[in-house]
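S.K.: Please see the structure below; I have some questions.
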Number of protein chains: 2
Amino acid sequence: MMIKIISVGKLKQKAFVDLINDYLKRINHYLKCQEIVVSDEPEPVQISNKSLEQIKSKEASKIFKNINQNDFVIALIIESNIISSETLAKKIQQWLNTFSHDICFIIGGSNGLHESIYERANYHLSMSKMTFAHGLAKVMLCEQIYRALSILNNGKYHK
Amino acid sequence: MMIKIISVGKLKQKAFVDLINDYLKRINHYLKCQEIVVSDEPEPVQISNKSLEQIKSKEASKIFKNINQNDFVIALIIESNIISSETLAKKIQQWLNTFSHDICFIIGGSNGLHESIYERANYHLSMSKMTFAHGLAKVMLCEQIYRALSILNNGKYHK
C-alpha cells in the first residue's frame, strides 16, 4: 500500500520542483510515495470548448493508465469538500484502515481534470476556493499529505 | 497608495524566498508593493499559554509600527472568510477605489497573530481551512495578490 500523487504536465519552475521533492522525501519517511507526472497535451492558441474537452479527455486517458481498479482515488477539485488538515489526516487514516490498495491523489493541469476523473474518484478534495498556479497547488498538496502523516504519527511538524 | 505585505519571522528556505521575490516583482508591475518582515520572538522549548500570549503581543507591537492609522488592514486568519480569487480581486478593486491609503496584508508567524491585530484589521481573509507552513502560506498570499491584480488588469495569468 502506498500513496501515488498523479499530476498533469511537467513543472518548469525550479523552486516548485525543489519544494515538491523535499516534501516527497519527507512523506516517504512515513509511507511509500510515488510521484507520477503524465504529459499535458499541446494547447492551441485559440481554444474552443470542444477542443478543451478533447485535451482533458486525452490527459484523463493517461491518468487512468496509472490507476489500478481498486485504488482509492482522491481528485483535487476546487468546488468540492473544503476540510482542515486535521480532518484530512483523519480521512487518510480511515482510508488506510479500510482499503488495502493504493491511495491516489490526482491534481489536474492548467486545464483542470476531465469529468471521467471526477466520476472515478472516491473523494473530491478542495484545498481552497482560490485558484493557484498548478505548480503551487502541487506543492500545497504534497505539504498537506506530509502534514497529515505527521499528525497521524505524532510528529512535531503540525501545531 | 501601495500594497504592504507584513509578515513575522525571516524565512530560511531558499525556494520560498525565491518564489516570494518573483511574485513581489510581478505585483510591482501593477502596483507599488513593499514587503515588511518583522522579527519573530525567540520561543522557549516548553511554552505556556501565558508566554505564547506575550510572544504574540510583542510581535504585534512590531507589526503595529508598520501600519499607519488610515491603512486598510487585511489579517490572514484561518477561521474567517474563505473567498475565491475573483472575489478577492473585486474586493481589492473596491478597497483601492474607496480608500486612499495603503492596503496592508498581515500574515502571522508560526504562533499566529495576536488578538489586537484581529481587532485592528478591517477585513479577515482565509485562503484555506488547512494549515500551511508559514513560508508556503506567504507564497500563496503573494500569488493571490498578483493573480487579483492580473484579473483587474485583464492579464493572461488567470483563467
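All of the numbers you see were taken from the coordinates with simple rules; none came from a lab. Predicted, not measured: the structure shown is a model, and the values here were computed from it. All Cβ positions, glycine included, derive from the backbone under ideal geometry; neighbour counts span all protein chains shown.
S.K.: Restricting the search to region B:110-127, which residues are aliphatic (A, V, I, L, M) and assigned to a strand (DSSP E or B)?
M.R.: B:Leu125
S.K.: Looking only at residues that are within 11 Å of A:Leu76 (Cα to Cα) and not polar (S, T, N, Q) in region A:125-142, which one is nearest to the other protein chains (Cβ to nearest Cβ)?
M.R.: Checking each candidate, the answer is A:Met127.
S.K.: Checking B:Ile47 against (1) within 14 Å of another protein chain (Cβ to nearest Cβ); (2) surrounded by fewer than 19 Cβ atoms within 10 Å (Cβ to Cβ); (3) among the aliphatic types (A, V, I, L, M); (4) under 22 Å from B:His158 (Cα atoms), only one condition comes out false. Which one?
M.R.: Unmet condition: (4).
S.K.: A follow-up question, please. Filter region A:74-113 for residues that are without any contact (Cβ under 8 Å) to a residue 24 or more places away in the chain and within 12 Å of chain B (Cβ to nearest Cβ) and give the result.
M.R.: A:Ser84, A:Thr87
S.K.: What's the total number of residues in region B:78-126 that are farther than 17 Å from B:Ile145 by Cβ and of a type in the set (Lys, Arg)?
M.R.: Within region B:78-126, residues that are farther than 17 Å from B:Ile145 by Cβ and of a type in the set (Lys, Arg) number 1.
S.K.: Condition test on B:Gly135, is it in contact (Cβ under 8 Å) with a residue 40 or more places away in the chain and touching an Asp or Glu at 6+ places or on another chain (Cβ under 8 Å)?
M.R.: no
S.K.: Right, here's the next one. Since A:Ser61 meets every condition but one in (1) over 28 Å from A:Tyr30 (Cα atoms); (2) touching a helix residue (DSSP H, G or I) at 6+ places or on another chain (Cβ under 7 Å); (3) small (Gly, Ala, Ser), which condition does it not meet?
M.R.: Result: A:Ser61 passes all but (2).
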